[in-house]
Every structure is written in structure tokens, then in C-alpha cells.
1. Might you check whether a residue that is more than 20 Å from B:Gly296 (Cβ to Cβ), within 14 Å of chain A (Cβ to nearest Cβ) and not small (Gly, Ala, Ser) occurs anywhere in region B:745-766?
2. Those residues that are within 30 Å of A:Phe176 (Cα to Cα) and open to solvent by 10 Å² or more (accessible area, probe 1.4 Å), I need them from region B:623-675; list them, please.
3. Looking at region A:105-224, what helices (runs of 4 or more DSSP H) fall wholly within it and have at least 1 residues that are of a type in the set (Asp, Glu)?
4. Condition test on B:Phe664, is it within 20 Å of the chain's Cα centre (by Cα) and within 23 Å of B:Glu377 (Cα to Cα)?
5. Hey, can you tell me all the residues within region B:110-133 that are surrounded by 21 or more Cβ atoms within 10 Å (Cβ to Cβ) and over 29 Å from the mean Cα position of the chain (by Cα)?
6. Scan B:Asp716, B:Asp696 and give me the residue that is within 13 Å of another protein chain (Cβ to nearest Cβ), out of contact with any Lys or Arg (no Cβ under 9 Å at 6 or more places or on another chain) and more than 24 Å from B:Tyr461 (Cα to Cα).
7. Going residue by residue through region B:92-102, is there one that turns out to be assigned by TED's automatic domain parsing to the domain that holds B:Pro61, modelled with pLDDT of 95 or more, under 17 Å from B:Leu67 (Cβ atoms) and not small (Gly, Ala, Ser)?
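The values are calculated or read from the model by the stated rules, or taken from the named source; none is laboratory data. Model, not experiment: these values are computed from the prediction. All Cβ positions, even for glycine, are placed from backbone atoms using ideal geometry, and neighbour counts span all protein chains on display. With ligands, DNA and RNA removed, areas are computed over all heavy atoms of the protein, side chains included. Shrake-Rupley method; radii C 1.70, N 1.55, O 1.52, S 1.80 Å.
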Amino acid sequence: MYETNYHRASSIDDAVAQFAKGTDSKFLSGGQTLLPVMKQRLAAPSDVIDVAKIKDMIGIDVSGDTVTIKAATPHYDVAQSDAVKKAIPALASLASEIGDPAVRYRGTIGGSLANNDPAADYPAAVLALGATVKTNKRSIPAEDFFKGLFSTALEDGEIITAVSFPVPAKAGYAKFPNPASRFALTGVFVAKTKAGDVRVAATGASQSGVMRVGPIEQALKANWAASALDSVTIAASGLLADIHGSADYRANLVKVMGQRAVTAAG
Amino acid sequence: MGVEGIGARVVRKEDRRFITGQGRYVDDVKMVGMSYAHFIRSPHAHAKVKGINSTEAMKMPGVIAVLTGQQIVDDKVGNLICGWAITSKDGSPMKMGAWPAMAPETVRFVGQAVAVVIAETKNQAKDAAEAVVVDYEELPAAADVRAAIKSGAPQLHPEAPGNIVYDWHIGDEAAVGDAFSKAANVVTLELTNNRLVPNAMEPRAAVAHYDQAEEHYTLYTTSQNPHVARLVLSAFYNIAPEHKLRVIAPDVGGGFGSKIYIYPEEMVALWASKKVNRPVKWTGDRSEAFLTDAHGRDHVSKAEMAFDKDNKILGLRVKTHANFGAYMSLFSSAVPTYLYATLLSGQYVIPAIYAEVIGVYTNTTPVDAYRGAGRPEASYLLERMMETAARQLKVDPTELRKKNFINQFPYQTPVIMAYDIGDFHASIDAAMKAIDYAGFPARKAKAKANGKLRGIGVSCYIEACGIAPSKAVGSLGAGVGLWESAEIRVNPVGTIEVLTGSHSHGQGHETTFCQIIAERLGVPISQVSIVHGDTDKVQFGMGTYGSRSIAVGGAAIVKAMEKVEAKAKKIAAHALEASESDIVIENGEFKVTGTDKAIALPMVALAAYTAHNLPDGMEPGLKETAFYDPTNFTFPAGAYICELEVDPGTGKTSFVNFVAADDFGRLINPMIVEGQVHGGLAQGIGQALLEGVVYDDTGQLVTASFMDYTMPRADDLPSFQLSHTTTLCPGNPLGVKGCGEAGAIGASAAVINAITDAIGNNKLEMPATPDRVWHAIHG
């Protein structure tokens, strides 16, 4: 690791101020990606601003039809939260399957979304549930937040402060883990909104990062049942291919995991 | 059996320090004035080194030296050696290119070192390494066997035209031809044995110290065989004569074969410690382990088996291409020849066998012995063949095996090995009973109703362990003898130290070797300590690999014990005024048989050292040494059966059951044996389902971290059902055979046979990832 200056921010304003001072600052919110990359000397930020200890950025609030998870809340807390389990059980379940216990104690929802790894779990839930990403500057609809591999709508120095999820009528997540990394080789999140709309998002599958899956959404709108996907075909074009899974295999997984997500949603 | 003697499930003595974090590994060694080495490694699979500019690096903080491959050549440090000479079919010796510790002119695999930075801190060494400018001229690379043997392929070494190291054969080609001409049925099979990265938990490391006043070197290193390291560093690498070089392998966190070899990094650390006149530490990181630890396996084979009309095997023909990587590692040449083709008879009467093995250079990390070393490749090939044959011949795979089992011992195979003893029916019967083989069809039908494809797969392995009779291996080309030594020191107060040339890097020698002493002398194991891993303490030794520690090292301890007992009996008889022949040893006492006259071991020991009242002419002291050279290999064997389900939607495999029935001869500590089997099975299953090295066409290692190389984890594995059938090995005094590699040798075929049974498609390569299995199901 190269030398860097570490700052533990005391507030969101403090984090923004510290960030501006550095020549090449990075926010740290759990460090499940940034720290390994730094250890391998593949990243050399001048300053690392740790936002994960800011009290205003940790916690879960459920009111009415909205679940709000503050950005520095670790995955473990989301997985264990009775309120989340009651309101959006698929979200708690998703959090319980991220990485391993050590990752879940440290990794945070804000860190995961800001990093936007194409195989991360949370982006699928955010996109399928139509969540809103709140930052220190604005509110960004999920639709506008994800911009491709490791790329988001966040501007330099902008901090995610919370994510608000509308409580759906039904939701389910099914993940097929990469055998080596245990990231999602393909994960599919299905949601039926209280207004009756169906939204489906897949992670790990597309060359463009998390994506909506139109053919599955249409089939489920007509008939909310796993069997409704039997005749659906997912195109392999544009999907990722690597040593763990070819594009046609991932296309199959989008469908099969979609079916299993519907079964999990009930 | 006493509570701590042979056969007792004694808790491991060494675990207290391991599980409380108090083990002392090479990286824990700190010396006054210690400096740190960081290697500059080639990013190219094949390139000319046109120049190395370290001017800027030398100006950086803390930098002591930047040393290059040319300097190590100029200082006449020897090239790395291959210690087993193989002769090709045509009588020519194997063709090897030179392997300097750091490349002066040409790099031939990604990760090969070209220079080293020595600095005050590790980070300063890394910083400076980035400032060293290496000018490479890239060359085309041959990244796998198939590419390397094509005409016009890039050539690695001028000494080895066509990238062929040797074209070797064994067996009787004419007899096999004759067998096939008489065959009622011929079964053919083509398969790949996937390349693996050993991935011991502790990465390799070295701390080297040169004492200028004494002209003496000390090397702490992660070695499975410190004496062999000293021998090679002295005799071949010109580092220092043996009496001026001490090699210490302290606690070592796993080896699996990868720490047998003397690598460039240890050589460079020693050489550099004199150059800079400072102790030098190098600790590899995981990325370096992936790139530079000798890999395992990597065969491409074609096999044909001939059967008569009664399904008796008539002959076996095998052609294998073995990938050696870019250089010939220390024992690499023996692995696909004498450790592989000599096991191709398996558990079966095969009247005629002929095998050809072509060793090939490629622009990849060197390949050498890895847990099982050649025997997993033989077992996998043969056991997939038997399963394939059973399906083609439409007979039950267990029946086909039983029909062809060897039943009479000793049995001379057509490929050198003479099996001393075994009972293959006992193993397969035990395994079939444990898994309820007869009930499988009903379970398969039930699984099908649940949408799952269920399969069952058998693997009956045999291996040659306890390597090895020195004369025999010498006649086959080995550069060393493979005996073992032991020294037993009974101290004046009756405590005992056992000095062994075996080396424990996870095997539990500090417990099992004590149990041998406890069994013989009746002393508690707390009174016994095992000393190993230091050339200044232990007389000599050949180290630990090839499941040899108990069968060879343990036997040496018994031989030394016999000498100690003989002398102690004389002393006891003298003290008790009895005849030596009337002395018996019971519970730590020397007794006159049939009387209540006795003298305890500590009093015998004290008498030996005070020497006030010894028999006339007897030397004082109670310390004996023995060198034990085995008369044959040992032949552990067993039957593994795997039952699993495949999810047709995803290709994911889930274990239902895995049973192992092994014959290891006498078990010293069944708990430790079970641990060894569990670990071996995990690696065998890992090879079958998860692990596999991938290089791209340019020779870049794609699976260079745990993000892409799938190491087995606990939740990937079933809960194993183990059992043992026993035939005692007649070849050594303990009746033991060795258990360290069995699981890795036998497991992979059982798993693949079960998957191909489940999906009804025999075309499946390891690792059988969900992606591959799904494609095998759906095309």
C-alpha cells in the first residue's frame, strides 16, 4: 500500500470539507473494495475519508410505506433488522447473502452502491424496488443512478447519505454465486409494487452492470408465477462471459434465478 | 495399546501453539539489521530482457541494492537443477534448458524474477522496484501443451527442439498390440487432468543471514526438507559448503509438495545476504504464490482399454502429454513417469500395459509434485476408464471392477510396481455398504420426481507411498536416496528427544512420533519431544512428501528405538543382576520377567550417564541413531463412492453422501489419519469441482487470485463418512502404509463419475463448474 492520509469524518459536512482538501481523495465506507485495491497498489488516493463512523449515516427507519437505510449501515444490520425483515424480507435476505460475516460487519449499503460493482447484490434491489438514492446534494432515482460498470451519477465529492425503498407488495431475490468470489454470477431481484407494477433487475449478468429485465417483467405482469417464465428467452448478447460463466449460461441464469426469485417472493 | 500408544486418538500436542497464534514461522523471524527483498518479475510470458536500469531506484529512500540476473550468473551461482534423470524412448537423456535464479537474458513465464531490490523496509523495496526500468522485447508464447507441440510453435529453449523435454515410455507395446487384436471390446477415453495451484496457507518465505567472520550462512525457509535444501544449495548452487550452511525450516504452514523444491527466492536471499552483508528477508505474498509456487498436474491423455468377451481386461494403452511449464523443477521429471505410469495397473489384473509420456515445455509456471503427484493423474484416468467401460459394456461399475480386481499378493504389475498386500474387495464392499449402493436406484427415482439429477460414482485407487527404496529409485534415475534417519536421545533424567529427518508442516508428527515411543517404552508423551527442521540439530534427513513420514521416518525411529532398548536392557540387567534375556519393558520399567525386580527408565538413563556402574566395556550415554531404507514402496488403497445431485437449471452439484473406505495398514493416531483423509478429499473434490488454472493464449495467468481461483471451502464439501479396512504392510516394522495423499488421489474420479452418471453425458472435464455441467446437460 502506498502512503495515504486517513481521516475519520465526524459529520457529513466534515467529510465533504476533508475531501476537498486532498489532491486525490476517496471516501471509505467499509472498504471491502477500496482497501484490497489499495493493498495491491492499484489505487493510490492521497486522502481517505472514512464516512462509516458518522453517526447520522447509520441506522434504519421504517415509516409508512418507506424503508430508509442510512448509507453507512452495515449489511449485517440490514440482514438482522426486524423492521426490514417485516417490511421487505427480500432485502434483509439479500443483505444476509453478501460476502461472508466479516464483509457483512464492515461493508455498507452506501459503499456498495457508490462502487457499483457489476456483480454486487444491492444494485439489483435498488433498481427493482425503484429506490431513491439520497446524497448530501440531492435525491437520485435508481433509474438515473447506475451508469454502467463501476460508474454512477455521483459527482466528485458527493456522498450517499441514505437509500429509500418503497415497500412492495411482493419481492424476492435469488442469487447464483460465483464459485470463487461468491459475488453474484447472476442475481435477480423481482418486485411487484403496491400499484401492481412489476420491476425486475439482474446483477452480475450484463456487460453494462445492473439491468432491468424486460421479458421477465412482461411475463410476470401477465401472470405472477415462476411458471410464467418457462417460455421466456433471455438474449445472450450484451451479457458478460468469463471463465466462470459464458454469456448463454448467464442468460439461462437470469431466467432460472428469476423463477426462483418469484418462488421466494411467494 | 496404551492411552497414548499406537492406535490412540491422542489430541495433537502441536495444536496448542498453532491455535493460540504462537507458532513460529519464517516471517516471524527477525534479525538485527535485517533488510527486505522485493523481486521484480516479468509481466510477459516470453520476452528478451534487453536491459535493466536501476539508476533512479538506487536514489530512492532506504534502498541498499538492486541486484540482477546477470550479477547472479557472474557470481557463478548455479542454475536450478532437476534431480531425476529420465531417458527417452530413443535412449537420449532428457533435454533441459538452463534455469538461472533470476533471468539474465530471457523470461519464460509471467512472474519469473529478473531482479531484486534490497531495502531497509518492505515498502521501500516495493517503491524502488517500481522505479526500476526493465526493457523487454516481447516474444510469442506457447501457453499450453497443445499450442507448444504444434509445428511452428514458439520455442522456449534451444536445448529442447519442439519444446519436448522427453518422449518416454514404459511397458510392452507389442504385448498390448496383441491384447487389442484379441479384444472383444475396446473402450477409449480422452481427458485432461487440470492444472492446480497448491495454495498452502503460509506463503513461501526466507530469511538469510551471512556471518562474515565465520563465512557461514543461515537460512530460515519454508521447506518440507531442509537437509535436501542444504544439499542442493551446497552441491549445485555453490552458495556455501554444507558445513558452512545451516538451513532451518521452523513451523511451516502447509506444503502439499510445493515446498519440497529449492526456489530462486531462497537462493537469491542467501546470495544477496553476502552481497549486502545484511540479513535479508523475503516473504512472498499470495499473488507471488499463484505465479511462482510450482503448480500441479496438467496432463492431456488418451487411453484405450481392451476387454475380452467376459469383460476381463486384456490390455491398456495410454498416451499422455505432461506440461512442465517453462523450466524443469526439482522432481518434475519423475512425476508423470515413475510416479504416474507405474500406477496405471490400479487395483486390476491388466496383463499388458503400454504408456507413452511426452514432457513439454510451455510459457507457464513450472509444474512439479502436488499432493499425490502423478498418482492422482493415474487414478483419475483409470477410474474414469472403468466407469466409462462399465457403461459401454452395460455392466454395473462395481461388478466390472470386482471381476478384474487383483486377488493374489504379492502381485507384480507390468509397470514396475510389486504390490505387497491388499484386499480390494474388502474396501469396495465396505464403501458400498456404507452408502447403501443397492438402494441407489430408488433414491435416483425419488430425486427425479423432485426435479434433480442424481448420480453415483465409484473410484478404487491404489497408490505407491513411503518413497522409497534408494537402490530402486536410483536405478530409475533419482539423484538422491530416499531413506530416512532418526536419532533417539534418552536424557539423564529419562526424558526423550527424537530427532527426525522427517519434517512436519501440518502432519502432526510431534504427536504420532511420540506415540511410537510411548508404545515401546510406556512413557507418557509429555516426556517425549520431537526435534526436526534444523540441519544443525538433526543428523540428516530426506524430509516429508509422498506420504513417507510414518512408513520411512517412523520406521527409522523404530530402528533407533531397538538400539536404545538393547543397550538399556544391558544396563538394567547389570543393575538388577539378571540375565539380559530376562529383561522386559513394561510401563516405563525394565523388569526381570516373572519377578518383582524392576528399574525405571530414568534410573537406567541416569546409570548410562553417570557411568559409575555399567557393564564392562560399555560406552556411557544412551543415544542411538538409525538410518532406515525401505525395501519397497507401500501401497495404500481404498474405495470411494460419491452420491450427488445436479440441479439441471443451473448445473450446480450438491453432495448427498461421500464414503471412503481406506486401507492404510496400521493406524498410529486414527484422529490424525481422519484429518489427513478429510484434507485429501477436500483437495480431490476441489480438483473435480472447483479448482483449475487458466492461462490465456498469451500466457497471462487468469486465475491469479482467490477471486477467480476457486479454493474449496467448508460449505463446498459434504460431511465425509470414513471407514478403514486393514491389511498390515509387511515391508516395515510398524505395518503402516501412509495416508497423506489418498484422498487427493481417489476423490476426483468418484465425483466426476457421479456427475456423468447423473447427467448421462460422459464428456465432462474438471473442474466440473456449474457452467460446464449445464452445458454438458443442455449442449
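1. no
2. B:Glu645, B:Asp647, B:Pro648, B:Gly649, B:Lys652, B:Thr653, B:Ser654, B:Phe655, B:Val656, B:Asn657
3. A:142-145, A:214-222
4. So B:Phe664 passes the test.
5. B:Ala115, B:Val116, B:Val117, B:Ile118, B:Ala119, B:Ala125, B:Asp127, B:Ala128, B:Ala129, B:Val132, listed by residue number.
6. Numbers: B:Asp716 fails: more than 24 Å from B:Tyr461 (Cα to Cα).
On inspection, the qualifying residue turns out to be B:Asp696.
7. Yes, because at least one residue in region B:92-102 is assigned by TED's automatic domain parsing to the domain that holds B:Pro61, modelled with pLDDT of 95 or more, under 17 Å from B:Leu67 (Cβ atoms) and not small (Gly, Ala, Ser).
Every residue, every condition in (1) within 14 Å of chain A (Cβ to nearest Cβ); (2) open to solvent by 30 Å² or more (accessible area, probe 1.4 Å); (3) in a helix (DSSP H, G or I), yes or no:
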site: B:Gly679; (1), (2), (3): no, no, yes
site: B:Ala682; (1), (2), (3): no, no, yes
site: B:Leu689; (1), (2), (3): yes, no, yes
site: B:Met707; (1), (2), (3): yes, yes, no
site: B:Thr727; (1), (2), (3): no, no, no
site: B:Pro730; (1), (2), (3): no, yes, no
site: B:Pro733; (1), (2), (3): no, yes, no
